Each structure stands twice: as structure tokens, then as C-alpha cells.
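What follows is a short report on a single structure.
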Amino acid sequence: MQEDYTAHEKEIEASDRIDHPYADENGVEWTVEAWERVKHAPEFVRPGIRKLMVQRAVKRNYKYITSDFLTEIRNESMMLVSKRVRQFGFEELSMGAFDVAKQKMAESPRKVEVIEEIQDFLALRTEKKEDIVDKFKNYMESAPTSGMPWTQDAMEKMEKVPPFVLGMAKQTIEARARQRGDKMVTPDIIDEVFTNVMPASAKEAMGMEVTEEDKQRDVDYANQQDDEPDFGMPWDDDAKAKVMRIPIPFIREMAIQRIEQEVSKENAERVTMDLFEKYRFSF
């Protein structure tokens, strides 16, 4: 959760505020520390970083871009790059990965241009180039080739979750992360899910304390269980019954939407049990 800068901002004179029109247009402000950190990035990527940070802040309803938030998005971006590199077939971020990336991005001249600018920048920093590559090693080790990436801290946080509820817990956490607009699972998302989303029965199975609020949430989930979701195509009865067993409404809706998208790609006209089983973990 982002820090509260309200009291701090009251002490800032108008002349001290960061002049960033794009941020102003979107009702977002930069803290001085975060703005100064961006100045250390290569000049050609600074505009992109500033724009991305404002977009991420707006998506998460943050009013201020802090240094901690900058770190969070940097880590998220490095993980996503590592995931893409692994999808290219590389087990580590070697400099050859840039050439492969340019081939893959050939239909997007601007992306190719950015990749070439990064290569040129690294070429000017020969003595530090390998240090930069080394920074990606931890990300490469944990980056998946598919699915949502998890930070190392987040993965460690899940180590005590019993295996028989681990799959459901991960699905719930990743679904909540997507709903929030996050690109990577972090410990704070796990805390939010365990506190405000996870059914009481699942918390009991994990040996967690169950509160009266948890029990009431289960009652609310049960009351919504009979509500018919919006199905976009026909479902076989057994497949529909299976998806309706997902206890958390927003996850059930996401599952239906995602499964139907995948089934449509196969040019199938209805969701069968076989197709449900094939794509049930794709959302």
C-alpha cells in the first residue's frame, strides 16, 4: 500500500512541485526523490519511464509517485523482460538476446529502434555492461515462460501453504493481481487476498486464523453462488457445473471469460468438459 503523503504535501510550496504536464493532466504528482532517481536513467528512456509511472499510478489509484513505487515498477519491468527473454529461448540475458528481440519485433520499427538505442548505450559502457546483465540473473531464475511472474519474496511467502490448496491459492492471487492491473505478484497482493478474499474454509486448511468477517464473506459468496453469470457461448452442463463451483464470484467470472476466449480461438462453438479441463488454469 502506498504511503500517505498528505501531511508532507501540505508543507510543499507550489514552486517546489515537479513540473510534469503529463502527470498534472492525470492528477498525479512526483515526489522529489522519485523524480531525481529517474534522472540517473539513460536520457533516451526517461520520457518512457515517466509516462509509464504515471500510467501505473493512475491504474492503481495512486496520487503520488514515490521512490518505493518506482522500485516496484522497475522490478516488475525487469521480471517481464526476463520472461520475454526466456520465451525467446534464452536461459540468461546474453547480449545476443537483443538481436533475437529485434527479429521478433521487426514489424514494430519503434520497438526495434528502442532496442538498438539500448544496445548503443550498453556499448558505450563496456566495463559495466556485464554488471547490467548480471542484474537480470535473479529475475531470469524465477521468471516463468508463461503465466504471471512472481517476485522471489512472494514465492517464499507461499512456501508454507499446504500443497492441496496451493493451486487454488495461486489462482486466486493471480486473478486478484490481474484485476488490480498488476503485472507481477508481490507479497502485498498475497496479504490482500489472504485477508480480504480467500474463503474461510481455505484459510482453515492453511492453518490461518479465521475471523467473523471471513465467515460472513463465505456466506456472501454462498448467496451469490446461484446467480447466473454472463456466459458468452453455450456450455455443456457438466462443464458449467464445474465452473460454478468456483466460490469467489470475480474469479468465476474471469475464468468464464478466459476459457471462452481460448475456446473461441479453436473455433469451437461450445465449452465442453474436455475444453474446460484444458483451459481451466489459463486465467
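All of the numbers you see were taken from the coordinates with simple rules; none came from a lab. Since the structure is predicted, the reported quantities are computational estimates derived from the model, not experimental observations. Neighbour counts are summed over all protein chains in view; Cβ atoms, including those assigned to glycine, are modelled from backbone coordinates with ideal geometry.
Each residue of the range 238-245 is assigned a 3J(HN,Hα), and the resulting list reads 5, 5, 5, 4, 5, 5, 6, 7 Hz, derived from the Karplus form 6.51 cos²θ - 1.76 cosθ + 1.60 (θ = phi - 60°), x at Gly and Pro.
For VAL185, the residues whose amide H sits under 5 Å from its own are TRP150, THR151, ignoring neighbours fewer than 5 places away on the same chain, with H placed 1.01 Å from N. In order along the range 66-71, phi translates into HN-Hα couplings of 9, 5, 5, 5, 4, 4 Hz, rounded to whole numbers, per the Karplus curve 6.51 cos²θ - 1.76 cosθ + 1.60 with θ = phi - 60° and x for Gly and Pro. For ILE65, the amide hydrogen comes within under 5 Å of the amide hydrogens of GLU29, TRP30, THR31, counting only partners 5 or more places away or on other chains and with H modelled in the peptide plane.
Across every direction, the projection of the convex hull enclosing the Cα atoms of the range 17-65 has a mean area of 3.0 nm². How many percent of all Cα-Cα pairs in the range 163-283 sit more than 21 Å apart? Counting every Cα pair in the range 163-283, those more than 21 Å apart make up 42 percent. When MET184, MET273 are arranged by Cβ crowding within 10 Å, least crowded first, meaning fewest neighbours, the order is MET273, MET184. A quarter of the convex hull surface defined by the alpha-carbon atoms of the range 203-248 gives 4.1 nm² as the mean projection. Entry note, the range 203-283: relative contact order of 30 percent, from Cα contacts under 8 Å with a spacing of 6+ residues. For TRP235, the residues whose modelled amide H falls within less than 5 Å of its own, excluding neighbours fewer than 5 places apart on the same chain, are VAL271.
Counting neighbouring beta carbons within 10 Å and listing from fewest to most, the residues ASP191, ASP227 come out as ASP227, ASP191.
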